[in-house]
Structure formats: C-alpha cells, structure tokens
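Data first, discussion second: the structure below is written as structure tokens.
The values are calculated or read from the model by the stated rules, or taken from the named source; none is laboratory data. Remember, predicted model here, so these are calculated numbers, not experimental data. Cβ atoms come from the backbone with ideal geometry, glycine included; neighbour counts cover every protein chain shown. Remember, those area values only see protein heavy atoms, side chains included, never the ligands or the DNA or RNA. Shrake-Rupley method; radii C 1.70, N 1.55, O 1.52, S 1.80 Å.
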Amino acid sequence: MQISEESQPLLSPQQESEFLFSELQPPPLSCNPRILSIFVVAFDTRAGNIVEWKYPENYSLSGVEFKAMPSGAHNVQHDILMFEVHSHFGIAAYIMKQVANVAERGARMKSVGVVCDNFLALCQHEERLVELGHEVVDSPGRYEALIQYMVEWNEGCTEAAPLLMEVKPSTVGSMYDLFKSQGVHIFALWKMLMLRRRVLLHCTPPISRHCSYVLCLAALSYTLFTESVPIFYVTVNDLSVLKMKKSYIACSADTILKTKGSLVYDVYVTGSSVFDSKDNILPVTRGDIIRYNHLCSELLHTIQPSV
C-alpha cells in the first residue's frame with residue numbers, strides 16, 4: 001500500500017470521519033415520484049435481450065434491455081438493477097426460472113421494471129417488482145397486474161410531497177459493507193467524490209450490491225456545495241453518454257470500459273483497489289489511516305446492541 005504525506009487538513013481526522021459517517025441522508029427533493037413507464041425485458045434465444053412489453057407503448061426505452069438484464073445474468077437466479085434511462089431512472093427485478101422448454105433452452109429469464117423521474121423513488125418499488133417478476137415468469141404474456149400497479153401508484157402520488165431517501169437497515173448494511181470492502185481506500189474515494197470526479201465501479205452479477213454501493217456513494221457526496229449524481233448500472237452501449245458526463249457514480253460488468261481510461265472515467269474501483277484513469281492506484285495518506293481507524297471504532301460502537 002502506497003502511503004503519501006498530505007497537507008494540513010481543515011478538519012482533524014476524527015472530525016472528518018465523523019462527517020463522513022453522518023452523510024447518509026441527502027436533503028429532501030420536492031419531486032413527483034410518478035411511474036413514467038413499466039416494462040418487461042426478456043431473453044430471446046434468437047434475438048438476445050429484447051423489450052418484450054412496455055406501457056405506455058410510445059415511451060422510449062432504447063437500451064434498457066441491456067441494463068435490466070446484464071451480461072452474466074444467466075449465472076444468477078434473481079437480481080435487482082438500477083439504471084439511468086434518458087435522464088430519468090429505472091429499477092428492475094430480474095428473475096430466472098428453470099423450464100422444460102426446448103425453445104427457451106431450459107431457462108426463462110425476464111426482468112420487470114419501472115422508470116421514475118428521480119432516483120430517490122426507486123427503492124420503494126423493489127418489493128412489488130419482485131412479486132410481479134415472478135408472476136410474469138410463471139404466466140408469460142399476462143401484463144394486467146403491471147398496468148394496474150402503475151395506475152394505482154400514480155393515483156396515490158402527490159406532487160407537493162417532498163421525497164426523502166429512506167435509510168433502511170439494508171442501506172446502513174450496504175454502507176458498512178462498502179466501508180469494509182474498500183478499507184482505508186474509502187477516504188481516497190471520498191475525496192474524489194468531493195471533487196465531483198467520474199467514478200466507475202466494476203461489478204459482476206448479482207449487480208444489486210453495487211447498485212446499493214452507488215447509492216451509498218451518492219449519499220456520501222451530498223454537501224451544501226457539491227453532489228455526484230448516481231447513474232447506477234451502465235454498459236458499453238452507454239459509452240457515448242459517459243463521454244459527455246462531467247461527473248457521475250456508476251457500476252458496470254463490462255470490463256471493456258476500463259480500457260477507455262480518461263475518456264470515460266477519472267476513478268475506477270475494482271475490489272478494494274481504487275485506480276485513476278492512468279491505472280495508478282490512488283495513494284493512501286497517514287491521515288487516511290487515522291481516519292479509517294476512528295471510523296471503524298465508530299461503526300463498531302454503532303452496530304453493538306444496547307444492553
């Protein structure tokens with residue numbers, strides 16, 4: 001591990017680690033969390049990934065067939081994916097079922113998803129999408145329940161209600177897992193977020209954990225002065241879009257994106273290693289080590305059950 005010296009910080013290591021741990025809740029956003037579209041993506045043995053069905057029919061979902069069902073999805077039974085769709089945000093539940101069907105080569109793979117206008121609304125749909133995913137896999141061609149879900153959800157929406165990111169136990173767990181997986185490098189990553197760098201995480205199916213990591217990193221980046229917008233799961237088909245973005249947080253299973261360097265990202269995270277666009281590991285400072293040790297003690301104290 002490369003250790004470098006650092007200039008005098010504005011905050012002490014203890015103050016910085018406390019600030020980092022407290023940044024779990026971004027400010028509320030006044031938004032309308034309506035469902036803009038609901039869809040089914042399927043794997044066709046001849047055509048590959050396809051948008052099998054969508055509602056409304058005229059809503060553009062180009063490229064969503066690769067985001068809702070990523071490369072390597074055949075290796076897992078289920079997954080949850082989040083992604084950007086033309087400046088909006090989507091979430092999909094992927095389900096694979098073994099079938100005695102030669103045409104489907106023994107496996108039926110489908111993803112049921114929705115598109116919303118803000119990423120803070122995504123997690124609210126996860127549980128129901130999993131249920132709908134199982135229904136669609138068990139009864140292909142039946143979409144009535146999906147339309148009903150979209151209609152009932154939108155009827156219950158109010159435009160004036162501010163939307164908060166709900167900090168569930170699973171969210172806190174993902175934050176803890178993120179700190180544990182990155183180790184002392186979490187502070188090098190945090191500094192890049194504060195500088196609004198383009199951050200790309202490498203992942204393999206199931207993708208859900210890294211989508212949660214992206215959400216956690218977005219929460220860490222929220223301050224009065226800066227924020228990094230999460231775009232969640234991306235593919236090589238998003239290359240032209242990534243080149244245009246000045247700041248983002250994303251994850252991808254397409255390793256070819258790593259070869260694009262500074263054209264696509266400023267920071268690339270794989271496992272516990274954090275690289276810059278020239279494939280150099282970001283250095284760790286002595287202050288980072290002090291901060292990380294204090295953060296670990298804070299986390300240990302937080303998760304200990306009360307007596």
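Identify the residue in the stretch 115-128 that is touching a Lys or Arg at 6+ places or on another chain (Cβ under 9 Å) and open to solvent by less than 40 Å² (accessible area, probe 1.4 Å) and, among all such residues, is nearest to residue 65 (Cα to Cα).
Across the stretch 115-128, the extreme among qualifying residues is 116.
Every residue, every condition in (1) within 23 Å of residue 210 (Cα to Cα); (2) of a type in the set (A, V, I, L, M, F, W, C), yes or no:
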position	(1), (2)
63	yes, no
68	yes, yes
71	yes, no
80	yes, yes
84	yes, no
88	yes, no
94	yes, no
100	no, yes
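Consider residue 231 against the criteria (1) closer than 20 Å to residue 118 by Cβ; (2) modelled with pLDDT of 90 or more; (3) open to solvent by 10 Å² or more (accessible area, probe 1.4 Å): it satisfies all of them except one. Which criterion is unmet?
Tallying (1) closer than 20 Å to residue 118 by Cβ; (2) modelled with pLDDT of 90 or more; (3) open to solvent by 10 Å² or more (accessible area, probe 1.4 Å), residue 231 fails exactly one: (3).
Restricting the search to the stretch 36-60, which residues are farther than 20 Å from residue 144 by Cβ and open to solvent by less than 50 Å² (accessible area, probe 1.4 Å)? Before you say what the answer is, go through the steps one by one.
To start, the set of residues in the stretch 36-60 that are farther than 20 Å from residue 144 by Cβ comprises 43-50, 60.
Within the stretch 36-60, 45, 48, 49 meet the criteria.
So in the stretch 186-225, with the set limited to residues that are open to solvent by 10 Å² or more (accessible area, probe 1.4 Å) and aromatic (Phe, Trp, Tyr), which one is modelled with the highest pLDDT?
213
Would you check which residues across the stretch 129-160 are open to solvent by 70 Å² or more (accessible area, probe 1.4 Å) and more than 23 Å from residue 107 (Cβ to Cβ) and list them?
Listed by number, the residues that qualify are 144, 148, 152, 155, 158, 159, 160.
In the stretch 86-114, which residues are surrounded by fewer than 24 Cβ atoms within 10 Å (Cβ to Cβ) and over 21 Å from residue 45 (Cβ atoms)?
Answer for the stretch 86-114, where residues must be surrounded by fewer than 24 Cβ atoms within 10 Å (Cβ to Cβ) and over 21 Å from residue 45 (Cβ atoms): 86, 87, 88, 89.
Return the residue satisfying two criteria in turn: it lies in the stretch 63-85 and is touching a residue at least 24 places away in the same chain (Cβ under 8 Å) and part of a loop (DSSP other than H, G, I, E, B), and of such residues it is most open to solvent (accessible area, probe 1.4 Å). Before you say what the answer is, go through the steps one by one.
Taking the stretch 63-85 first, the residues touching a residue at least 24 places away in the same chain (Cβ under 8 Å) are 63-76, 78-85.
Retained after the next criterion (residues that are part of a loop (DSSP other than H, G, I, E, B)): 63, 68-72, 76.
Details: 63: 26, 68: 0, 69: 8, 70: 10, 71: 74, 72: 20, 76: 20 Å².
The residue in question is 71.
For the stretch 270-294, give me each residue that is in contact (Cβ under 8 Å) with a residue 24 or more places away in the chain and more than 10 Å from residue 188 (Cβ to Cβ).
As a first pass, look at the stretch 270-294 and keep what is in contact (Cβ under 8 Å) with a residue 24 or more places away in the chain: 270-274, 281-292, 294.
Result: 270, 271, 272, 273, 286, 287, 289, 290, 291, 292, 294.
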